[in-house]
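Participant: Attaching a single structure in structure tokens format; questions to follow.
Bear in mind that the values in this text are calculations on the coordinates, not laboratory data. Predicted model, so just to flag it, every value in this text is computed and none were measured. Cβ sites come from the backbone with ideal geometry, for glycine too, and all protein chains shown count toward neighbours.
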Amino acid sequence: MRTTYAVGIDVGGTRIAAGLVERKGRIVKETKRPTPKTGPFAVVDAIIDVAEEVSSAAHPSEVAGIGIGLPAQVDFLRQEIEFCTNLPLAGVDVRSLVMSRTKSEVTVDNDGHLAAFGEARYGAAKGARDFLMITLGTGVGGGMWIAGEPYRGSRGLGGEIGHTVIDLDGPECPCGGRGHLEAYLGRPALAAKGRAAARTFAGRAILDAAGGDPDAVTAEAVVMAARGGDATARQILLEAGEVFGRALVGFVNLLNPRLICVGGGIGESADLLIERAGEVMRGEALAGRRDVEVVQAVLGNDAGVLGAAALAFDEHDSREGLHR
Ligand SMILES: [Zn+2]
């Protein structure tokens with residue numbers, strides 16, 4: 001049976017958002033709550049609560065299933081959580097726990113993959129068969145679409161674009177590695193550069209954007225000062241854009257995507273960083289691959305919910321033998 005709705009749930013380190021989503025991507029009911037800090041089962045209970053809250057607006061037979069995006073390494077085939085940096089969910093069978101309580105089909109996936117799903121189905125990458133999604137936020141994540149399908153790798157652990165080595169001797173990455181892309185582009189990296197600048201005369205606009213306290217400088221304060229035209233803040237974003245552009249050269253040469261879609265809180269607000277990255281990539285990518293478009297994601301905070309719902313629709317349709 002062709003169902004009308006799917007439930008999409010986006011589990012983040014600070015909040016859990018859920019939506020009842022129509023096939024065309026309209027969110028008809030949504031809710032969110034802070035992510036509990038009291039252990040794995042409190043998080044699972046919160047996921048079940050938001051799922052039940054939004055699905056109460058539809059009859060169970062109209063709901064295709066529940067998709068859940070997690071900030072985790074997910075073995076997609078086994079539906080197991082291998083590793084989760086910000087939440088205590090590694091090894092927790094989120095899928096079975098949510099399925100047994102909600103009596104709905106449940107599919108879990110990595111949040112970067114689902115951001116790609118959302119943009120592919122409903123956003124900036126609509127219609128693109130080969131594209132790369134990169135999310136710039138606290139972490140740097142992403143997903144790949146190859147020949148019109150999400151590409152997750154052999155176990156679903158692929159797409160960890162943020163942990164591409166940029167410099168063998170570079171700064172330490174939150175994953176424990178060294179010189180990875182995330183160590184240059186993640187919120188903590190941009191904030192650290194902003195804090196250092198805010199202690200100098202040249203960084204006074206950044207200091208102002210942080211309310212006058214250099215320790216309170218965030219990546220957002222740097223972006224805000226750059227938008228106001230401050231040269232020091234602009235320089236921080238241009239340098240980050242340079243690094244990002246170099247990384248894109250490698251991805252474009254390897255995958256020859258038509259589109260690179262950049263999302264996440266930083267990706268959607270730091271226009272200067274993205275523009276610079278596009279210039280660097282076009283200047284260095286091998287001939288014939290330079291026409292790739294670099295665009296900003298358009299779904300904003302809804303990307304995770306919409307992507308999770310799109311996954312739930314697809315999983316339902318393939319179970320039922322329906323074609324998209
Ligand atoms: Zn790393």
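Participant: May I ask you to sort 180, 59, 163 by Cβ crowding, counting other Cβ atoms within 10 Å and putting the fewest first?
Facilitator: 59, 163, 180
Participant: Starting from the Cα of residue 62, step 7 Å along the direction of its Cβ; do the same at residue 202; then give the gap between the two resulting points in nm.
Facilitator: Modelled inter-label distance: 5.9 nm.
Participant: Further question on the same structure: Could you give each residue of segment 34-40 its phi-based ³J(HN,Hα) in whole Hz, using Karplus coefficients 6.51, -1.76, 1.60 with θ = phi - 60°, and x for Gly or Pro?
Facilitator: The phi angles translate into x, 6, x, 10, 9, x, x Hz.
Participant: May I pose another question? Across the chain, how large is the tail of the calculated P(r) beyond 35 Å, expressed as a percent of all Cα pairs?
Facilitator: Cα-Cα pairs of the chain separated by over 35 Å account for 22 percent.
Participant: Calculated from DSSP H runs of 4 or more alone, at -39500 (n - 2.57) each and per residue, what is the 222 nm mean residue ellipticity of the chain, nearest 500?
Facilitator: -12000 deg cm²/dmol
Participant: Fully extended, how many nm does the chain gain between residue 157 and residue 22 (0.36 nm per residue separation, minus their Cα-Cα distance)?
Facilitator: 45.8 nm
Participant: If you take the beta carbon distance between residue 78 and residue 175 as r and set R0 to 30 Å, what does 1/(1 + (r/R0)^6) give as a FRET efficiency, to the nearest 0.05?
Facilitator: 0.85
Participant: Hey, another quick one. Based on the mean of other Cβ atoms within 10 Å per residue, sort peptides 280-286, 190-196 so the most packed one is first.
Facilitator: Highest-to-lowest ranking by the protection proxy: 190-196, 280-286.
Participant: I would also like to ask the following. Taking the highest mean first, how do the peptides 126-132, 38-44 order by number of other beta carbon atoms within 10 angstrom per residue?
Facilitator: Taking the mean over residues of other Cβ atoms within 10 Å, the ranking is 126-132, 38-44.
Participant: Mind giving me the nanometre distance, one decimal, between the label points for residue 192 and residue 320, set 7 Å out from Cα along Cα→Cβ?
Facilitator: Output for this residue pair reads 5.0 nm.
Participant: Further question: Where a ≥ b ≥ c are the square roots of the eigenvalues of the C-alpha gyration tensor, would you call segment 216-305 rounded, which needs a/c under 1.5, or, failing that, prolate if a/b is larger than b/c, or oblate?
Facilitator: oblate
Participant: Taking only the alpha carbons of segment 82-177, what extent do you get along each of the three principal axes, in Å, biggest first?
Facilitator: 50, 36, 25
Participant: Find the relative contact order for the chain and round it to a whole percent, using C-alpha pairs within less than 8 Å whose residues are 6+ positions apart.
Facilitator: Relative contact order comes out at 19 percent.
Participant: Right, here's the next one. Report the full-extension gain for the segment residue 256 to residue 33: residue separation times 0.36 nm, less the Cα-Cα distance, to one decimal in nm.
Facilitator: That works out to 76.3 nm of additional length.
Participant: Which percentage, to the nearest 5, of the DSSP beta bridges contained in segment 128-298 is antiparallel?
Facilitator: 55 percent
Participant: How far is helix 187-198 tilted off the main Cα axis of the chain, in degrees rounded to 10, range 0 to 90?
Facilitator: 30 degrees
Participant: Sticking with this structure for a sec: Each residue of segment 232-241 in order: what ³J(HN,Hα) in whole Hz does its phi give by Karplus 6.51 cos²θ - 1.76 cosθ + 1.60, θ = phi - 60°, with x for Gly and Pro?
Facilitator: Per residue, the Karplus-derived 3J(HN,Hα) values read 5, 5, 4, 4, 4, 6, 5, 5, 5, x Hz.
Participant: Ranked highest first by average number of other Cβ atoms within 10 Å, how do 62-73, 203-214, 107-118 line up?
Facilitator: Taking the mean over residues of other Cβ atoms within 10 Å, the ranking is 107-118, 62-73, 203-214.
Participant: State the dimensionless ratio Rg/Rh of segment 128-298 (Rg: radius of gyration of Cα atoms; Rh: Kirkwood radius).
Facilitator: 0.99
Participant: So if I take the centroid of the Cα atoms in segment 269-324 and the same for segment 83-131, what is the distance between those two points in Å?
Facilitator: Their Cα centres are 15 Å away from one another.
Participant: Picking from 197, 139, 67, whose Cα lies most toward the positive end of the charge dipole for the chain (charges on Cβ: Lys, Arg +1; Asp, Glu -1)?
Facilitator: Final value for the positive-end residue is 67.
Participant: Note the angle between two axes, namely the Cα long axis of helix 111-122 and the longest principal axis of the Cα atoms of the chain, as a number of degrees from 0 to 90, rounded to the nearest 10.
Facilitator: That helix lies at roughly 80 degrees to the long axis.
Participant: If you don't mind, another one. Under a plain spin-label model, where a point goes 7 Å from the Cα along Cα-to-Cβ, how far apart in nm are residue 291 and residue 103?
Facilitator: Rounded to a tenth, the inter-label distance reads 5.4 nm.
Participant: Over what distance in Å are the Cα centres of segment 176-209 and segment 38-60 separated?
Facilitator: When both Cα centres are located, 37 Å separates them.
Participant: Also, I was wondering about something else. Count the DSSP beta bridges whose two residues both fall in the chain, then state the antiparallel fraction as a percent rounded to the nearest 5.
Facilitator: Close to 60 percent.
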